[in-house]
Amino acid sequence: MLDNLRDAVRKFLTGSSSYDKAVEDFIKELQKSLISADVNVKLVFSLTNKIKERLKNEKPPTYIERREWFIKIVYDELSNLFGGDKEPKVIPDKIPYVIMLVGVQGTGKTTTAGKLAYFYKKKGFKVGLVGADVYRPAALEQLQQLGQQIGVPVYGEPGEKDAVGIAKRGVEKFLSEKMEIIIVDTAGRHGYGEEAALLEEMKNIYEAIKPDEVTLVIDASIGQKAYDLASKFNQASKIGTIIITKMDGTAKGGGALSAVAATGATIKFIGTGEKIDELEVFNPRRFVARILGMGDIETILEKIKEVENYDKMQKKMEEVISGKGKLTLRDVYNQLIALRKMGPLSKLFQLLPGIGMLGQIPEDQLKVGEEKMRKWLAIMNSMTYEELDNPSIIDKSRMRRIALGSGTEIEDVKELIEHYNLMQRTIKMLKRRKKDVEKLLGQFGG
Ligand code: GDP
């Protein structure tokens, strides 16, 4: 599903056709692949219109190439299509915690019950499984096999037809045994189109066991048809979450995910295979990053973050030079981190608006080598916040402590503080010059 997008991103980032043409081609490819993954056509066009609009109205940050910026926009908007920043809460906030699973027969409900039990067992919880699917004769046996395989107790009543009673007695038994997470596999109706009966039954069992969470299991192969089912479920249950199974076996997964996300329901996990560990926590951003190519997306996001840090530093320096702020060692620290990847320290000064015309800056003195930078970062890591904010309090004994803590020499600590003092002096000088220039400009009425 959507597998071709990774190649499309690569081609877009490294291709030789003109930017406009590349954007046009990419958008066409995106539309084609989303529609063939069964995403609703209206959703697809509203997504690509949004992308085009952002391209028109937003500008890439300095240092970010526009091709990378474009992919960042695609990443954002695709993530929104699949649920945005919504990250499901998978670790329960109370113990004991009862999860009730509902779903149409054949969707993978019983398998998912086992997968969930395994997921929580691995996280260290004491888990119990209750088999209350009375419609499918083999469901209990299947659950018992799964339970045995993963070492989780299963409660069931072979031959008993009263699902509500089984669920109630199973939950009570596990509660008395101090189980922490209890997963109830309930009756699944036949076939898609039986949602009304499914939701009705859900209500009865719900009333009997009062679960902390109700999870609807949906088969990805129903594609965008998942919308109706998910929205009815979402309205019926305030504590509802959704698991979409068989993401591995269908081309329509994109349709199911986007349709469910559009209802506002939370997708908690996706099933990606028949095996017991093939269950993934669903995080829209991570999911989209993988579709688009994890490596490329991570590189672009990291670059954007660096530039943001850099911009922050630049603003701070502007404030310091214009007299609105004070430079602390903490700023020097942030600056060193931001500049590590962005280039030499002196660049900062060159980039400050209006500074270029102020004449030469003692550039050589402000350059810091990689080795020294590493030492200084270690030193600053060993300082207290008080020392970082107010370096003048660092006396001999503090220096000794800092050097010891950072595995450096007192000389190194001294050198860093001298560097800080030099920066202070430089800033004073820049402030003076700025005033001179302003005075000069003032004389010309500028
Ligand atoms: P139930 O009737 O809803 O309880 O469905 P089952 O748990 O018996 O699952 C029906 C079939 O779907 C079984 O063959 C499972 O192995 C298979 N299945 C369940 N989840 C997944 C999944 O995530 N991927 C794949 N490929 N198969 C799955």
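The values are calculated or read from the model by the stated rules, or taken from the named source; none is laboratory data. Note that the structure is predicted; figures quoted are calculated from it, not measured. Cβ: placed from backbone, ideal geometry, glycine included. Neighbour counts: every protein chain shown. To get the accessible areas, we keep the full protein, side chains included, count just its heavy atoms, and leave off ligands, DNA and RNA. Shrake-Rupley method; radii C 1.70, N 1.55, O 1.52, S 1.80 Å.
Collect the residues in the range 99-139 that are away from the ligand (no atom under 16 Å from the Cβ) and surrounded by fewer than 23 Cβ atoms within 10 Å (Cβ to Cβ), keeping them in residue-number order.
Across the range 99-139, the qualifying residues are Y120, K121, K122, K123, G124, F125, K126.
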Problem set entry | Considering residues of the range 262-294 that are among the β-branched types (V, I, T) and part of a loop (DSSP other than H, G, I, E, B) only, the residue nearest to the ligand (Cβ to nearest atom) | T272
Problem set entry | Residue satisfying all of: in the range 219-240; open to solvent by less than 20 Å² (accessible area, probe 1.4 Å) and more than 10 Å from the ligand (Cβ to nearest atom); farthest from V171 (Cα to Cα) among these | G223
Exercise. If we keep just the residues of the range 241-261 that are within 10 Å of the ligand (Cβ to nearest atom) and out of contact with any Phe, Trp or Tyr (no Cβ under 8 Å at 6 or more places or on another chain), which is nearest to L116 (Cα to Cα)?
Worked result: T245
Exercise. Which pairs do you get when a residue that is at pLDDT 90 or above and among the charged types (D, E, K, R), found in the range 82-109, comes within reach of a residue that is within 16 Å of the ligand (Cβ to nearest atom) and part of a loop (DSSP other than H, G, I, E, B), reach meaning Cβ atoms under 6 angstrom, with the pair 6+ apart or on two chains?
Worked result: K109/G103; K109/G188
For this session: Starting from the range 418-434, take each residue that is of a type in the set (F, W, Y) and modelled with pLDDT of 80 or more and list its partners that are surrounded by 13 or more Cβ atoms within 10 Å (Cβ to Cβ) and assigned to a helix (DSSP H, G or I), counting only C-beta distances under 8 angstrom and pairs at least six apart or across chains.
Result: Y420/L329; Y420/V332; Y420/P391
Problem set entry | Meets criteria (more than 16 Å from the ligand (Cβ to nearest atom) and among the small types (G, A, S)) for G156 | no
Exercise. Taking the stated definitions as given, is K86 away from the ligand (no atom under 16 Å from the Cβ), basic (K, R) and assigned to a loop (DSSP other than H, G, I, E, B)?
Worked result: yes
For this session: Please specify each residue of the range 241-259 satisfying the condition of being buried (at least 23 other Cβ atoms within 10 Å of the Cβ) and assigned to a strand (DSSP E or B).
Result: I242, I243, I244, T245
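Run down D38, D76 and say which single residue is open to solvent by less than 40 Å² (accessible area, probe 1.4 Å), more than 30 Å from I182 (Cβ to Cβ) and out of contact with any helix residue (DSSP H, G or I) (no Cβ under 7 Å at 6 or more places or on another chain).
Values: D38 fails: out of contact with any helix residue (DSSP H, G or I) (no Cβ under 7 Å at 6 or more places or on another chain).
Testing whether each residue is open to solvent by less than 40 Å² (accessible area, probe 1.4 Å), more than 30 Å from I182 (Cβ to Cβ) and out of contact with any helix residue (DSSP H, G or I) (no Cβ under 7 Å at 6 or more places or on another chain) leaves just D76.
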Seminar exercise, completed: Cβ pairs under 6 Å, 6+ apart or interchain, first in the range 114-125 and among the aromatic types (F, W, Y), second not in a helix (DSSP H, G or I), ordered by first then second residue, are Y118/I276; F119/L279; Y120/V127; Y120/I181; F125/E180; F125/I181
Seminar exercise, completed: The condition of being farther than 28 Å from G253 by Cα and either part of a helix (DSSP H, G or I) or open to solvent by less than 70 Å² (accessible area, probe 1.4 Å) (or both) holds, among K94, K56, only for K56
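For the range 179-196, give me the residue count where each residue is at pLDDT below 85 and open to solvent by 30 Å² or more (accessible area, probe 1.4 Å).
The number of residues fulfilling the criteria is 7.
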